[in-house]
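Here is the structure we will look at.
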């Protein structure tokens, strides 16, 4: 009885601890790629959601206001400029010119500040990344362009595969076109631009 009590108090042996550590290591090796892959996929999905919501909201707002969709100098924004349009779409009604506030309100558009944030430089970025900046251009007789800069290559690869699964990432710094998307990725580091074109 006494020896049984001593055995129970002794704890784990070194071999038992080694087995547990090995099992945890194997699990991490198996699970880690899927966790990393799911983060890449979710960021790619977020980029597409920002792209489509930006273009759809802009088209709806311009139509409701009865003005063109040109981004660069649009008077819907209190400050007519591409940055002003981004403020309207991403930060909301406080950046809408007073003459167009009723049109903005009637559309039911909400600020996209759950998807888009501002970094310390005042640039719009994909929420939760801090580095992937967003700029707007185009519209009018041309499609609206939504440009993302500083995008990790694995996210660009994921976006390419969604559009055309047989393609792979080109990393020579040249502009590549895949569907309604263009991108530029150097041989190392972040991709300098990923641009989506949407009719508005």
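To the nearest 0.05, what FRET efficiency results for residue 48 and residue 94 with a Förster distance of 25 Å applied to their C-beta separation?
Rounded to the nearest 0.05, the efficiency is 0.40.
Counting helices only, and only those DSSP H runs with n ≥ 4, report the 222 nm mean residue ellipticity of the chain as the sum of -39,500 (n - 2.57) divided by its residues, in deg cm²/dmol to the nearest 500.
-15000 deg cm²/dmol
Mean projection of the alpha-carbon convex hull of the chain over all orientations, in nm²?
Averaged projected area of the chain's Cα convex hull equals 18.1 nm².
Under 10 Å, Cα contacts only: if you run a Gaussian network model on the chain, which one of 46, 27, 17 comes out with the highest mean-square fluctuation?
17
If a paramagnetic tag sat 7 Å from the Cα of residue 154 along the Cα-Cβ line, which residues of the stretch 43-65 would have the backbone N under 12 Å from that point?
Only 43-44 fall inside the zone, counting backbone N under 12 Å.
Starting from the Cα-Cα distance between residue 72 and residue 107, subtract it from 0.36 nm times their residue separation and give me the gain in nm to one decimal.
My answer for the length gained is 10.4 nm.
Quick one: Cα centre-to-centre distance for the stretch 151-200 and the stretch 72-140, in angstrom?
The stretch 151-200 and the stretch 72-140 have Cα centres spaced 24 Å from each other.
Rounded, prolate or oblate: which one fits the stretch 147-200, using the alpha carbon gyration tensor with axes a ≥ b ≥ c (rounded when a/c is under 1.5, else prolate when a/b beats b/c, else oblate)? Working shown, then result.
Numbers: a/c = 1.75, a/b = 1.25, b/c = 1.40.
Verdict is oblate for the stretch 147-200.
Working from Cα positions, state the angle (0 to 90°, nearest 10) between the long axis of helix 82-91 and the longest principal axis of the chain.
That works out to roughly 50 degrees.
Quick one: helix 14-65 against the long Cα principal axis of the chain, what's the angle to the nearest 10°, folded into 0 to 90?
That helix lies at roughly 10 degrees to the long axis.
Would you mind calculating the gained length between residue 12 and residue 79 on full extension (0.36 nm times residue separation, minus the Cα-Cα distance), in nm to one decimal?
The residue 12-residue 79 span can extend by a further 17.3 nm.
Can you compute the modelled spin-label distance between residue 131 and residue 22, with each label point 7 Å from Cα toward Cβ, in nm?
3.8
If I fit a long axis through the Cα atoms of helix 153-163 and take the longest principal axis of the Cα atoms of the chain, what angle between them do I get, 0 to 90°, rounded to 10?
The answer is roughly 70 degrees.
Read the figures in this text as sums done on the coordinates, not as results from a lab. Since we're looking at a predicted model, the values are computed, not measured. A quick note on method: Cβ atoms are made from the backbone with ideal geometry, for glycine too, and the neighbour counts reach across all protein chains shown.
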